[in-house]
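The values are calculated or read from the model by the stated rules, or taken from the named source; none is laboratory data. In this text, all values refer to a predicted model and were calculated from it rather than measured experimentally. Positions of Cβ are backbone-derived with ideal geometry, glycine not excepted, and every protein chain shown enters the neighbour counts.
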């Protein structure tokens, strides 16, 4: 009779060890996804910062041009330049929000404690760590979804900024800017 319970305990232990391994792997995958999002956002924010720098350098000559604008193309240039500045700043603000510091949740594990639990029927410990991993995964996924939403908005504003940059350069070429 004791062999049946020992075999059952061993099966249950294997089940929970497998469950813990799966949750640990999923937690590592969410961490990789978290890092990829932040790396991509930092690359795009550099592009937006560069465009804002170009807009800022030309700001004083733009103000002078605005005062002397007299044709329809001149006003198109003025509107596209203002729209470019606004969309670039909105994109940068959204990138800053997406790169905002967020705590990535992990399950702390002490290897010495694991050895102790392994020697003393550690099904409860493995279950608790698996449960902790699942809570961390759920919290991290909520953070990632929020970051992805903001990052998607920032990316859309980046596309708008790139299109407005091309349009502004085109308008600049066909206006009488001195």
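Could you list all residues from the range 48-57 that are surrounded by fewer than 16 Cβ atoms within 10 Å (Cβ to Cβ) and within 18 Å of residue 167 (Cβ to Cβ)? Lay out the reasoning, then the answer.
We begin by selecting, within the range 48-57, every residue surrounded by fewer than 16 Cβ atoms within 10 Å (Cβ to Cβ); these are 49-50, 53-54, 56-57.
50, 54 - these are the residues of the range 48-57 that are surrounded by fewer than 16 Cβ atoms within 10 Å (Cβ to Cβ) and within 18 Å of residue 167 (Cβ to Cβ).
Restricting attention to the range 149-178, which residues are part of a helix (DSSP H, G or I) and loosely packed, with under 15 Cβ neighbours inside 10 Å?
Restricting attention to the range 149-178, the residues satisfying the condition of being part of a helix (DSSP H, G or I) are 149-174.
Within the range 149-178, 149, 152, 156, 159, 163, 166, 169, 170, 173, 174 meet the criteria.
If you scan the range 79-91, which residues turn out to be surrounded by fewer than 17 Cβ atoms within 10 Å (Cβ to Cβ) and touching a helix residue (DSSP H, G or I) at 6+ places or on another chain (Cβ under 8 Å)?
83, 89
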Leading residue by the ranking (farthest from residue 142 (Cα to Cα)) among those in the range 48-76 that are at pLDDT below 80 and in contact with a helix residue (DSSP H, G or I) (Cβ under 7 Å, 6 or more places away or on another chain): 69
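Please tell me if residue 135 is surrounded by 16 or more Cβ atoms within 10 Å (Cβ to Cβ), at pLDDT 80 or above and part of a helix (DSSP H, G or I).
Details: surrounded by 16 or more Cβ atoms within 10 Å (Cβ to Cβ): no; at pLDDT 80 or above: yes; part of a helix (DSSP H, G or I): yes.
No.
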Residue 27 crowded, with 17+ Cβ neighbours inside 10 Å, within 30 Å of residue 143 (Cα to Cα) and touching a residue at least 60 places away in the same chain (Cβ under 8 Å): yes
From 120, 110, residue being modelled with pLDDT under 75 and more than 31 Å from the chain's Cα centre (by Cα): 120
Which numbered condition residue 38 fails, given (1) under 25 Å from residue 149 (Cα atoms); (2) not in a helix (DSSP H, G or I): (2)
Hits in the range 60-72 - residues which are loosely packed, with under 14 Cβ neighbours inside 10 Å and not in a loop (DSSP other than H, G, I, E, B): 60, 61, 63, 64, 67, 72
